[in-house]
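**Q** Quick one: the structure is below, questions incoming.
The values are calculated or read from the model by the stated rules, or taken from the named source; none is laboratory data. Quantities reported herein were computed from a predicted structural model and do not represent experimental measurements. Glycine also receives a Cβ, built like all others from the backbone with ideal geometry; neighbour counts cover every protein chain displayed.
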Amino acid sequence: MTAPALVPQTYAELRAAVERTMVQGQRAIEQAKVRTYHETGRLIREHVLLFKERADYGTKTIAKLAADVKVDRSVLHRCVRFFECFPIVATWPQLSWAHFRELIPVADAKERRALATEANRNAWPVARLAERIRETAPVEPIEVVTSGNREPADLLVPQRGTPGLHRVVEKSMGLSVDLGFKHYWRLTPDQAKRLTTGDIVRIANDDSLRLAEGATKAGLFTYAAELIRVVDGDTLVVALEISPGVFLEQTLRLRGLDCPEMSTPAGRAAKRFVDALFARTTAVVIHTTKPDKYDRYLAEVFLRVTGDTSPVPATPEIFLNNALLENGHAVRYDGEGQKD
């Protein structure tokens with residue numbers, strides 16, 4: 001006979017039980033996502049190997065598969081790279097799919113495994129892992145080749161911050177963490193005793209807060225993201241990870257530029273250019289600023305890309321805003337009706 005489920009007798013017991021249940025549920029979801037993407041990568045990779053004498057078979061197969069199962073090609077490419085980089089994924093049970101997304105572009109296999117082991121052992125949040133990767137395996141912006149007949153582009157100065165940093169602010173409900181996009185996380189009484197307005201913190205996977213030593217305001221409002229769709233050359237719909245495991249869907253306008261309308265051949269070419277870059281993308285980092293006159297947040301988008309085949313090469317980071325400008329798909333624009 002099954003024992004009856006215990007009923008929390010106090011609010012404290014209820015809160016603890018709900019938090020425990022939600023954490024367990026989120027962990028189960030993340031583990032299922034890891035298994036799903038890993039197995040998807042294995043299936044595609046092993047199938048493509050059967051036809052390895054056909055150089056373009058893998059690319060064509062992934063394109064057809066993406067259309068048939070209605071999954072973005074970049075997701076399928078990433079699944080294949082995931083399996084190739086981590087054939088036995090059970091070695092790192094504490095890591096989520098977001099962790100592995102950060103690790104896949106690390107070119108050196110030994111360094112990649114060492115970072116995975118360290119993150120798994122220390123239960124690092126994704127933002128800490130991303131910062132560690134940047135410290136130990138920095139990536140350089142790639143040089144985009146432009147036409148010799150084109151005037152040099154007037155480029156933007158990137159304002160890339162660090163994903164996972166948030167500032168403590170005073171709100172009507174008390175001290176809160178500003179997650180961005182008018183979303184706030186109210187501090188518990190214990191947290192409010194330890195922190196003060198202006199402190200910059202990281203949110204751990206267990207929802208604890210840690211001071212981010214040495215962090216500045218320049219690192220704020222920067223998020224790991226997943227692409228949902230490319231609307232046009234300068235507008236994206238993305239899911240931003242505003243705290244560990246919590247994603248917010250937003251329509252973002254690329255800062256400082258303007259692409260032609262989609263009704264024109266040039267506008268469609270700009271969209272194809274962005275689609276092609278995202279097809280090679282393994283990780284997306286987005287820095288956001290104030291909304292434009294249409295209430296869309298302005299964004300700077302950084303893409304870590306690699307080729308379609310393995311082994312995974314050294315992965316540069318592309319500043320999408322400037323890539324559009326350098327390749328003649330956009331002009332500088334300040335968003336207020338004046339070209340700058």
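**Q** Can you work out which of the residues in the stretch 79-138 that are acidic (Asp, Glu) and at pLDDT 90 or above is surrounded by the most Cβ atoms within 10 Å (Cβ to Cβ)? Can you show your working first?
**A** Narrowing the stretch 79-138 to residues acidic (Asp, Glu): 84, 102, 108, 111, 118, 131, 135.
Imposing the further condition that a residue be at pLDDT 90 or above reduces the set to 84, 118.
Values: GLU84: 17, GLU118: 14.
The residue in question is GLU84.
**Q** For THR289, state whether it is at pLDDT below 85, in a strand (DSSP E or B), farther than 23 Å from VAL106 by Cα and not acidic (Asp, Glu). Outline the logic, then answer.
**A** On the way: at pLDDT below 85: yes; in a strand (DSSP E or B): yes; farther than 23 Å from VAL106 by Cα: yes; not acidic (Asp, Glu): yes.
Criteria met by THR289.
**Q** Same structure again: Scan (1) modelled with pLDDT under 75; (2) farther than 28 Å from ILE200 by Cα; (3) surrounded by fewer than 17 Cβ atoms within 10 Å (Cβ to Cβ) for the single condition ALA153 breaks and write down its number.
**A** (3)
**Q** For LYS193, which of the numbered conditions (1) outside the structural domain of VAL301 (by TED's automatic domain parsing); (2) part of a loop (DSSP other than H, G, I, E, B) fails to hold?
**A** The number of the failed condition is (2).
**Q** In the stretch 15-32, which residues are within 19 Å of PHE86 (Cβ to Cβ) and either in contact with an Asp or Glu (Cβ under 9 Å, 6 or more places away or on another chain) or at pLDDT 90 or above (or both)?
**A** ALA32
**Q** Condition first: of a type in the set (Phe, Trp, Tyr) and in contact (Cβ under 8 Å) with a residue 40 or more places away in the chain. Now tell me which residues in the stretch 92-139 satisfy that.
**A** The initial filter retains those residues of the stretch 92-139 that are of a type in the set (Phe, Trp, Tyr), namely 92, 97, 100, 124.
Hits for the stretch 92-139 are TRP97, PHE100.
**Q** Looking at the stretch 246-257, I want the residues that are more than 14 Å from PRO291 (Cα to Cα) and free of Cβ contacts under 8 Å to residues at least 60 places away in the same chain and have a partner that is surrounded by fewer than 16 Cβ atoms within 10 Å (Cβ to Cβ) and of a type outside the set (Gly, Ala, Ser) with Cβ atoms under 7 Å, at least 6 apart or on another chain. Which pairs are those?
**A** Within 7 Å, the pairs are GLU249/ILE228; GLU249/VAL237.
**Q** How about the stretch 154-188: which of its residues are part of a loop (DSSP other than H, G, I, E, B), closer than 12 Å to LEU209 by Cβ and among the basic types (Lys, Arg)? Give the derivation first.
**A** Let us first name the residues in the stretch 154-188 that are part of a loop (DSSP other than H, G, I, E, B), namely 154-164, 172-173, 181-182, 187-188.
When the remaining residues are screened for being closer than 12 Å to LEU209 by Cβ, the result is 164, 187-188.
Listed by number, the list is empty, since nothing qualifies.
**Q** Check CYS85 against each of (1) closer than 24 Å to VAL230 by Cα; (2) touching a Phe, Trp or Tyr at 6+ places or on another chain (Cβ under 9 Å) and name the one condition it does not meet.
**A** Here CYS85 clears every test but (1).
**Q** Within the stretch 197-219, take every residue that is buried (at least 18 other Cβ atoms within 10 Å of the Cβ) and in a loop (DSSP other than H, G, I, E, B) and give me the one that is modelled with the lowest pLDDT.
**A** Residues of the stretch 197-219 that are buried (at least 18 other Cβ atoms within 10 Å of the Cβ), as a first pass: 200-203, 205, 209, 212, 215, 219.
Applying the additional criterion that residues be in a loop (DSSP other than H, G, I, E, B) yields 205, 212, 215.
Details: ASN205: 80, ALA212: 88, ALA215: 86.
Ranking the candidates gives ASN205 first.
**Q** Among the residues of the stretch 190-205, is there at least one that is within 30 Å of ILE29 (Cβ to Cβ) and of a type in the set (Ser, Thr, Tyr)?
**A** There is no residue in the stretch 190-205 that is within 30 Å of ILE29 (Cβ to Cβ) and of a type in the set (Ser, Thr, Tyr).
**Q** Residues SER172, SER208: which one is hydroxyl-bearing (Ser, Thr, Tyr) and under 24 Å from the mean Cα position of the chain (by Cα)? Write out each step before concluding.
**A** Values: SER172 fails: under 24 Å from the mean Cα position of the chain (by Cα).
From the options SER172, SER208, the qualifying one is SER208.
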